[in-house]
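Structure first, then comments.
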Amino acid sequence: MKKAFITGIAGQDGSYLAEYLVSKDYEVHGIIRRNSIPEHQELRISHLEDKVFTYYGDMNDPTTLSRLLGLIKPDEIYNLAAQSHVRISFDIPGNTVMTNAVGTLNLLEAFRKECPHARFYQASSSEMFGTGMDDDGYQREGTPMLPTSPYGCAKLFSYHIVRNYRKSYKLFASNGILFNHESPRRGSNFVTNKVVKAAVSIKLGLQSHIELGNMDAYRDWGHSRDYVRAMNMILNHSIPDDFVVATGMTRSVRDMCKFVFDYIGMNYEDYLKINDKHLRPEELPYLKGDASKIHHVLGWQPECSFEEMMIEMIDHWMRRLK
Ligand code: F7E
C-alpha cells in the first residue's frame with residue numbers, strides 16, 4: 001500500500017485528490033491548518049473521516065513538517081497548501097509569500113532530510129505566466145513567466161526551487177502547472193462559484209444582484225476532479241518533470257456569467273453591478289493552456305466539459321439553497 005502526504009487536504013483539490021487516492025488504495029495522510037471554528041475545517045473531507053489521517057500542521061512550521069514526514073515516511077508528497085486567492089494576495093502579500101513560497105521551501109527541506117526517496121508534487125499555477133504568452137496565443141511549458149500578482153510571484157519561486165532541488169539533490173520533484181480548475185467545492189469567493197451561487201440565490205429570491213470586477217478577463221477553466229488525476233500521473237511518471245494541465249479552451253468572465261444565468265433562465269445584465277473593489281491592481285487578462293505535453297507523454301485528457309462542470313455547480317447550489 002502506497003502512502004501519500006497531502007498539504008491542503010481540506011481544500012478543493014486536496015479533498016478530490018484524497019478521494020481519488022483512497023479509491024486507488026493509498027493510505028492517505030494530510031495536514032490541516034488550525035483555526036478557531038473547527039466545524040469549518042474539515043467540511044470538504046468529512047465524508048472521508050475514517051479513511052484518511054489528518055494532523056494539524058502549517059507550511060510555516062518546519063519542525064512539524066519534518067516530524068510528520070519522518071513519522072509517516074510517505075511515498076508521494078503533494079504540496080497543495082496555499083493562500084490561493086489572487087486578489088487577496090495584494091492585501092496580504094507577506095502571508096502569501098510565507099505560505100506559497102517559503103512554505104514550499106520548508107516542505108522541500110523536510111522531504112530532503114526525512115524521506116528523500118519519496119516523490120514530490122508542487123501545485124504550480126498558470127498565474128505564474130502572467131502576461132507571458134506564445135505567438136499563437138497559448139501558454140505552455142516553455143512560455144516566458146511574467147507574473148502579475150504577489151500570488152504569481154510566490155508560486156514562481158516555488159516552481160523554480162522545486163526544479164533546483166530536483167537537479168541539485170537528484171530528488172523526484174515535479175511541477176504541475178495547473179490552469180483554473182473549479183467544482184462545487186470551489187470557495188465561493190472565486191469567480192465561477194461566486195456567479196453560480198449568486199445566480200441561484202437570485203432565482204430563489206434570496207439575493208437581488210451580483211457585484212463583480214473585470215468581466216473581460218479570459219480563463220481556461222477545467223474540473224478539479226480531472227486535474228487531481230493529472231497530479232497522480234505526474235508523480236507516477238518514470239522521471240520527474242514539469243507539465244501544463246489545461247483544457248485548451250478559454251472564455252471570458254462575461255461568457256461564463258452569461259452561460260450560468262441563461263441556463264437558469266435569466267439575463268445576467270439585469271442583475272450585474274460592477275464594483276471596483278473586485279478589480280486587481282494588476283490584472284492577468286488572458287490564459288489559454290496547451291496541455292499537449294501531458295497528453296502525449298502521460299495520456300492525460302480532461303473528461304468533464306466546461307458546460308457539464310458549470311451545470312454540476314448550478315445543481316449543487318440549487319439543492320443546497322432550496
Ligand atoms: O478570478 C475575474 C478576476 O479569483 C478569475 C486560483 O485558483 O486560478 C485561480 O486564480 C477571473 C480574474 O481566479 C470577480 O479578475 C471578475 O480575472 O476565480 P478567480 P484566478 O485569480 O484566475 C489560478 C490558476 C490559481 O492558481 C489561483 O489559486 O475573474 N473576476 N470579478 C473576479 N474574480 C473574483 N474572485 N471575484 C470577482 O468578483
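A few remarks follow.
- The alpha carbon centroids of the range 2-55 and the range 83-132 are separated by 19 Å.
- Measuring between their Cα centroids, the range 289-304 and the range 243-273 lie 24 Å from each other.
- Taking amide H atoms as placed 1.01 Å from N in the peptide plane, the amide H of residue 33 lies under 5 Å from those of 57, each 5 or more residues away in sequence or on another chain.
- Under 5 Å between amide hydrogens, built in the peptide plane, is the criterion, and for residue 53 it picks out 28, 29, 30 among residues at least 5 positions away or on other chains.
- Calculated from backbone phi, Karplus (6.51, -1.76, 1.60) coupling profile of the range 128-134 in Hz, x at Gly/Pro: 5, 5, x, 8, x, 7, 7
- Where a label projected 7 Å from the Cα of residue 134 along Cα→Cβ would reach, residues of the range 214-256 with amide N under 12 Å: 244
- Share antiparallel - DSSP beta bridges, the chain, percent rounded to 5: 5
- Volume in Å³ per residue [convex hull over Cα atoms, computed for the range 104-195]: 127
- Each residue of the range 278-285 is assigned a 3J(HN,Hα), and the resulting list reads 8, 7, 9, x, 9, 9, 9, x Hz, derived from the Karplus form 6.51 cos²θ - 1.76 cosθ + 1.60 (θ = phi - 60°), x at Gly and Pro.
- Summed side-chain charge close to residue 6 - residues other than residue 6 whose Cβ falls under 10 Å, Lys, Arg +1, Asp, Glu -1: -2
- About the Cα centre, charge dipole magnitude for the range 196-238 (Lys/Arg +1, Asp/Glu -1 at Cβ), debye: 220
- Remark on residue 177: its backbone amide H falls under 5 Å from those of 243, 244, 245, a criterion applied only to residues 5 or more positions apart or on other chains, H modelled at 1.01 Å from N.
- Under Karplus coefficients 6.51, -1.76 and 1.60, residue-wise ³J(HN,Hα) of the range 84-93 in Hz, glycine/proline x: 9, 8, 5, 5, 5, 5, 6, 7, 10, x
- Using a Förster distance of 45 Å, the FRET efficiency for residue 315-residue 60 (Cβ separation, nearest 0.05): 0.75
- Gyration tensor (alpha-carbon) shape descriptor, the range 258-300, a/c threshold 1.5: oblate
- Near residue 145, once Lys and Arg are set to +1 and Asp and Glu to -1 for all other residues with Cβ below 11 Å from its Cβ, the sum equals -1.
- Average accessible area per residue (Å²) across the chain - probe 1.4 Å, nucleic acids and ligands excluded: 44
- Backbone N within the range 253-274 under 11 Å of label point (7 Å from residue 211 Cα along the Cβ vector): 273-274
- DSSP-assigned coil residues among GluC sites (Glu not before Pro) in the range 2-91, each with at most 10 further Cβ atoms within 10 Å: 49
- Filter on 155/194; 155/277; 24/155; 277/322; 73/194 - keep pairs with C-alpha separation over 27 Å: 24/155; 277/322; 73/194
- Working note: Cα gyration tensor of the chain, eigenvalues times five, square-rooted, sorted largest first, giving semi-axes of 32, 22, 19 Å.
- Percent carbon-and-sulfur accessible area, the chain, ignoring ligands, DNA and RNA, probe 1.4 Å: 51
- Residue (of 309, 103, 287) at the positive-pole extreme of the chain, dipole from beta-carbon charges: 103
- In the frame of its principal axes, the range 23-62 has Cα extents of 31, 25, 11 Å, reported largest first.
The values are calculated or read from the model by the stated rules, or taken from the named source; none is laboratory data. Small disclaimer: the values here were computed from a predicted structure and weren't measured. For neighbour counting, all protein chains shown are included, and Cβ atoms are generated from backbone atoms with ideal geometry for every residue, glycine included. For accessibility, only protein heavy atoms count, side chains too; no ligands or nucleic acids. Shrake-Rupley method; radii C 1.70, N 1.55, O 1.52, S 1.80 Å.
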